[in-house]
Each structure stands twice: as C-alpha cells, then as structure tokens.
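The values are calculated or read from the model by the stated rules, or taken from the named source; none is laboratory data. What you see is a predicted model; the values in this text were computed from it and never measured. No Cβ is skipped: glycine too gets one built from the backbone with ideal geometry, and neighbour counts run over all protein chains shown. Surface accessibility is based on the protein's heavy atoms, side chains included, excluding ligands, DNA and RNA. Shrake-Rupley method; radii C 1.70, N 1.55, O 1.52, S 1.80 Å.
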Amino acid sequence: MVADFPMVALHGQASPRDGLVMRMFSICLVAGLMSTPQADPLQILATTPDLADVVRHIGGDAVEVQLLVPGAVDPHKVIPKASMLLKLKRADALVSMGLGFEHAFLPALLEKVGRDDLGRGASDVSQGGSRHLVGSDFIGQPLEVPTQLDRGAGVDVHPLGNPHWNTSPQLMRKYAVGARDFVSSLRPASAEVFSTNWKKWDAELGKSIEHWQAWLAPARGKPLVTYHRSWPYFADAFGLVISGEVEPKPGMSPTTRHLAQLAQSMIELDVQLLLLEPWYSESKLGNVPKMTKVSVIKIASMSGKEGYLSWMGRLVRQVASAWDLAEPRVGKEEESSVKKGAD
Ligand SMILES: [Zn+2]
C-alpha cells in the first residue's frame with residue numbers, strides 16, 4: 001500500500017508531512033530510474049526455432065525473440081496468417097533462413113506489411129532489408145542450385161538451391177557470426193555483451209561438433225535415404241552419402257514405380273537408415289520398410305523447444321544407434337554441460 005500513499009497526497013490537501021512524503025517519493029523515483037538505465041529489449045522475430053535459439057543465446061537479456069511460425073513444422077506448407085502480419089509489424093527486426101525456405105508464407109507477408117526495412121516481399125525474397133537478416137547469406141555456396149529451371153517436370157520446392165542448411169552444425173556456426181554482427185549493429189551499446197555470449201555459444205557448439213564427428217566417423221561414406229531433401233547439409237557435415245529420396249522431387253509424392261526402384265537400390269547398396277520428418281505420413285513409404293528392413297528414424301529437420309544443440313545431439317545419437325556406433329569419449333563431458341535453449 002506504500003505505492004498508493006503519494007497518490008492520496010496528490011489528490012488531498014497538502015500538509016507539511018505530505019510535502020516530505022512527496023520529496024522522498026521523488027527521490028525514490030529518480031533513483032529508481034537511474035538504477036535501470038537499460039533500454040527495452042530488442043524485439044527479434046525469427047522464422048524457425050533454430051534461428052531463434054542462436055539469437056537468444058547471443059542476445060541474452062538485451063533481446064526478446066519470438067517465433068513467426070510456432071514450433072517445428074513443414075516449412076513448405078506454412079499458411080500466412082493475420083497474427084503473423086501483426087508480429088511482423090511490431091518486430092524491431094526479422095531473421096530468416098533464406099533460399100526460399102519461407103517461400104510459402106514470408107514473401108506474401110512482407111509484401112503486405114509494407115516495411116522497406118524488412119525487405120520487399122515476392123519481388124525481393126532473397127534479399128533482406130536493413131532490419132532483416134537472411135541466414136543463408138553466411139553459409140557460402142548453397143547445395144543443389146539448379147543449373148536451369150525445369151518448370152515442366154512438376155513441383156520443386158527448392159528452386160533456389162537446397163534451403164535446409166540448418167541441418168549442418170558447421171553452417172549454424174557461420175550463421176551465428178552473422179547473427180552476432182546483426183544484433184550488434186541494431187544495438188551497438190550491447191556489442192561487447194553480444195560478443196561474450198557468442199564466444200560461449202561458439203565454444204559449446206565447437207566442442208559438440210568435435211564429439212558428433214568422432215561419433216559418426218566410422219560411418220563416413222555410408223549410404224542413407226531420406227523422405228524429403230532436408231538432409232544434404234547434414235550428410236555433407238559428417239561425410240555420409242544420401243543415396244536416394246522417397247520424394248522423386250522435393251514436394252512431390254512418390255509413385256509406386258519410384259518406390260519399387262528406390263527399394264531395389266537400397267537393397268543393392270545395403271542402406272540401413274531412412275530419415276522421415278513427423279509431418280510426412282509413414283504410409284507414403286509403401287512397402288519400402290518391409291522390403292529393405294531399413295530403420296526409419298522419425299525426426300523433424302529443425303529443433304523445437306529443446307534448442308539446437310539438444311536436437312542435433314538427438315539426431316546424431318539416433319543415426320549412430322541405427323549403425324550400432326558406440327559413443328566416443330571425446331567431447332562427451334563438454335556436451336553434457338551444454339544448456340538447453342529457452343523457448
Ligand atoms: Zn525442402
């Protein structure tokens with residue numbers, strides 16, 4: 001009730017005692033303001049949980065990160081909504097994957113929100129504005145960039161090259177450098193804190209990569225099959241070979257003939273594992289699991305609430321287990337100290 005007291009004095013008759021209370025209140029108010037000089041946290045909107053997790057680690061208390069699309073979902077099937085437009089209007093800055101990863105929703109939203117600082121939508125989908133960080137700008141040469149546009153052969157949801165670069169921990173490391181510089185440019189006063197936070201994140205990721213690579217080293221050159229082309233960057237990062245996909249082209253459902261050919265090649269190459277995102281129906285695999293006895297690993301091609309390091313660790317563990325690979329000692333202690341990302 002102390003907080004109400006000065007209000008009574010403001011509305012009632014002033015007395016010498018009230019004056020003293022008011023002076024004390026003013027002193028407290030000024031002291032209170034002086035003791036909290038921080039600006040409001042930067043409001044950053046990220047399109048995926050992976051991108052968000054990295055910005056949260058680097059930004060610390062100086063940023064608040066929201067997701068434009070909630071959780072781990074099929075990026076090619078996201079429908080733009082009015083609530084997303086509202087989030088875009090309110091955000092200080094936007095972070096996206098790029099390479100058309102957000103083709104289903106972001107260009108339409110950017111066109112509608114009319115903020116030049118976030119980019120201009122469909123006509124300019126690959127380039128962010130001054131307040132829009134496009135993660136793929138930091139990954140070097142993308143994989144599977146088509147040499148020519150083949151519009152006659154049906155759907156291909158990867159027309160700019162493969163956009164699922166988050167499945168490579170090394171590329172997430174490169175993106176984190178871009179994210180550090182981006183938040184520093186938006187809030188130079190916190191640049192030192194961002195740099196310190198980034199160093200910690202980078203060291204944790206570096207140790208984890210060392211551990212994961214040692215774990216999967218005996219599998220170098222081994223073939224695997226995936227439902228969608230979400231995993232070439234993962235395979236590249238660990239020296240694995242993707243010998244086929246269930247989808248004949250990204251976004252296209254398999255025909256019976258395609259499944260029969262795939263099963264045949266999997267038997268010939270002795271393929272032992274198949275990666276399937278939970279948003280694809282297992283029934284689309286047809287008789288492939290029965291014919292080949294492959295281990296089907298169901299895992300999303302992005303992290304959810306658990307954070308990037310935990311998700312990638314889980315992926316590596318499941319892949320290693322399908323090939324019966326024992327966990328090595330290298331980097332193990334360090335990995336157990338890695339904190340989960342907040343969500
Ligand atoms: Zn895709």
- request: Within segment 69-106, count every residue that is more than 16 Å from the ligand (Cβ to nearest atom) and within 22 Å of Ser130 (Cα to Cα).
  value: 12
field: Hey, Trp201 buried (at least 17 other Cβ atoms within 10 Å of the Cβ) and more than 21 Å from the chain's Cα centre (by Cα) or not
entry: no
- request: Take segment 221-238 and flag every residue that is under 23 Å from Lys174 (Cβ atoms) and open to solvent by 20 Å² or more (accessible area, probe 1.4 Å).
  value: Arg229, Asp236
- prompt: Looking at Glu192, is it among the acidic types (Asp, Glu) and in contact with a Lys or Arg (Cβ under 9 Å, 6 or more places away or on another chain)?
  reply: no
query: Name the residues in segment 141-160 that are at pLDDT 75 or above and within 16 Å of the ligand (Cβ to nearest atom), would you?
result: Pro142, Leu143, Glu144, Val145, Pro146, Val155, Asp156, Val157, His158, Pro159, Leu160
query: So which residues in segment 212-239 are free of Cβ contacts under 8 Å to residues at least 40 places away in the same chain and outside any helix (DSSP H, G or I)?
result: Arg220, Gly221, Gly239
task: Of the numbered conditions (1) modelled with pLDDT under 95; (2) within 30 Å of Gly60 (Cα to Cα); (3) assigned by TED's automatic domain parsing to the domain that holds Gly221; (4) aliphatic (A, V, I, L, M), Met302 fails exactly one; give the number of that condition.
output: (1)
- request: Report yes if some residue within segment 168-182 is within 16 Å of the ligand (Cβ to nearest atom), closer than 19 Å to Pro49 by Cβ and surrounded by 18 or more Cβ atoms within 10 Å (Cβ to Cβ); otherwise report no.
  value: yes
